[in-house]
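Comments concern the structure below.
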Amino acid sequence: MARFRRRTCIILLLFILFICSIMMALKTLRPDRAGFGDPFGLGLLPELQQRTVLLDSVIVLSWYPPGMADENGEPTDDLVPVILDYAHKYNLKVTFHIEPYKDRDDRSMYHNVKYIIDKYGGHPAFYRQKTSTGKFLPMFYVYDSYVTIPEIWANLLTLSGSQSIRNTPYDALFIALLVEERHKHDIHRSGFDGMYTYFATNGFSYGSSHHNWAGLKAFCDSNNLMFIPSVGPGYIDTSIRPWNNHNTRNRVNGKYYETAFSAALLVRPEIISITSFNEWHEGTQIEKAVPKRTGQVVYLDYKPHKPNIYLELTQKWSEKYRKEQEQWLM
């Protein structure tokens, strides 16, 4: 779908030691509160307190370079220290979802990664993942990565690249967005470490279509890439895109979410991402929800179920994922 506000996703990640963690993202909308908070204030962070079932969590934070923002948002980098501090307070970790700002290329991305690691890498809440070689590396998700040609990415992400970040203090795990089937070859040529599918609408794109996940996982396995299928509870964005009704996906009282999880587990992925924790404009949120109206906008709730039904379903499938992965690795 076209971008609206800051992109978010959640990642369910099983560490090498089988510790299950959940990456959550933050936005300014809080439909279960009385109003909307200052996007640069502490009112942005009540989601961090909704941890009844989401333990050992990691925030995936949509990020633009300092002074930049999308057409519907405000600059966010000044907020990162606040989020890191609050994340640490709640025993959370933070990683970054780098957005497709104007003229993003290998050189600007090198400076972005250097900036993030130099400024935030020493914070106890900054997330690093243990790799198969024993290194602990940051992880960066790159939204709309396909906009940049593979040759440019290869300058940054391959050992022989002119702007190579590999085997430097700024090396990391870089995860590209796969939308079309041909992107898998571009991602491999570019030097990315893996791919994620992001969209919560089954059938919207090649990558978001559940029946294509087995083939994508096989491709990744044969090319030493991580495959990260993205699951979601449903999709509806007609309040902001009235023409997009054909991509609406009914939640079916949680069955759509569970079907997506089931499809993801079938391909035995190392990581499963969830879109999203709180993207209300696209109807993919799983955070607690109560009935709310603001002006002409009516936010969806989960009745007749209780407000935290999707957190409970997330817990259920997290546990199932962990148990099944233990069997995969036996």
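Look at segment 169-198 and say how many of its residues are free of Cβ contacts under 8 Å to residues at least 40 places away in the same chain, in a loop (DSSP other than H, G, I, E, B) and open to solvent by 40 Å² or more (accessible area, probe 1.4 Å).
So the count comes out to 3.
Which residues, taken from segment 92-147, are crowded, with 17+ Cβ neighbours inside 10 Å and among the β-branched types (V, I, T)?
V94, T95, I98, V113, I116, I117, V142
Looking at segment 234-255 only, could you name the residues that are free of Cβ contacts under 8 Å to residues at least 12 places away in the same chain and assigned to a loop (DSSP other than H, G, I, E, B)?
Within segment 234-255, T238 is the sole residue that qualifies.
State which residue is farthest from Y256 (Cα to Cα) when the search covers only segment 204-225 and only residues that are assigned to a loop (DSSP other than H, G, I, E, B) and open to solvent by 50 Å² or more (accessible area, probe 1.4 Å). Even if it seems obvious, please write down each step before you answer.
Our first condition is that a residue be assigned to a loop (DSSP other than H, G, I, E, B); within segment 204-225, this holds for 204-209, 223-225.
Narrowing further to those that are open to solvent by 50 Å² or more (accessible area, probe 1.4 Å): 204, 206, 224.
On the way: F204: 15, Y206: 18, N224: 30 Å.
Here the residue is N224.
Which ones in segment 266-322 are over 15 Å from the mean Cα position of the chain (by Cα) and in a strand (DSSP E or B)?
Matches in segment 266-322: K292, R293, T294, V297, V298, Y299.
Looking only at segment 266-279, how many residues end up being modelled with pLDDT of 95 or more and open to solvent by less than 30 Å² (accessible area, probe 1.4 Å)?
1
If we scan segment 289-299, do we find a residue that is within 30 Å of T131 (Cα to Cα), open to solvent by 30 Å² or more (accessible area, probe 1.4 Å) and out of contact with any helix residue (DSSP H, G or I) (no Cβ under 6 Å at 6 or more places or on another chain)?
Restricting attention to segment 289-299, the residues satisfying the condition of being within 30 Å of T131 (Cα to Cα) are none.
No, every residue in segment 289-299 fails to be within 30 Å of T131 (Cα to Cα), open to solvent by 30 Å² or more (accessible area, probe 1.4 Å) and out of contact with any helix residue (DSSP H, G or I) (no Cβ under 6 Å at 6 or more places or on another chain).
Got a sec? Which of T238, T201, T197 is of a type in the set (V, I, T), over 26 Å from Y127 (Cα atoms) and under 18 Å from the mean Cα position of the chain (by Cα)?
T201 is the lone residue from the list that is of a type in the set (V, I, T), over 26 Å from Y127 (Cα atoms) and under 18 Å from the mean Cα position of the chain (by Cα).
The values are calculated or read from the model by the stated rules, or taken from the named source; none is laboratory data. What you see is a predicted model, and the numbers here were worked out from it, not measured in a lab. Every residue, glycine as well, gets a Cβ built from its backbone with ideal geometry; the counts of neighbours run over all protein chains shown. Just so you know, the surface numbers come from the protein's heavy atoms only, side chains and all, with ligands and any DNA or RNA stripped out. Shrake-Rupley method; radii C 1.70, N 1.55, O 1.52, S 1.80 Å.
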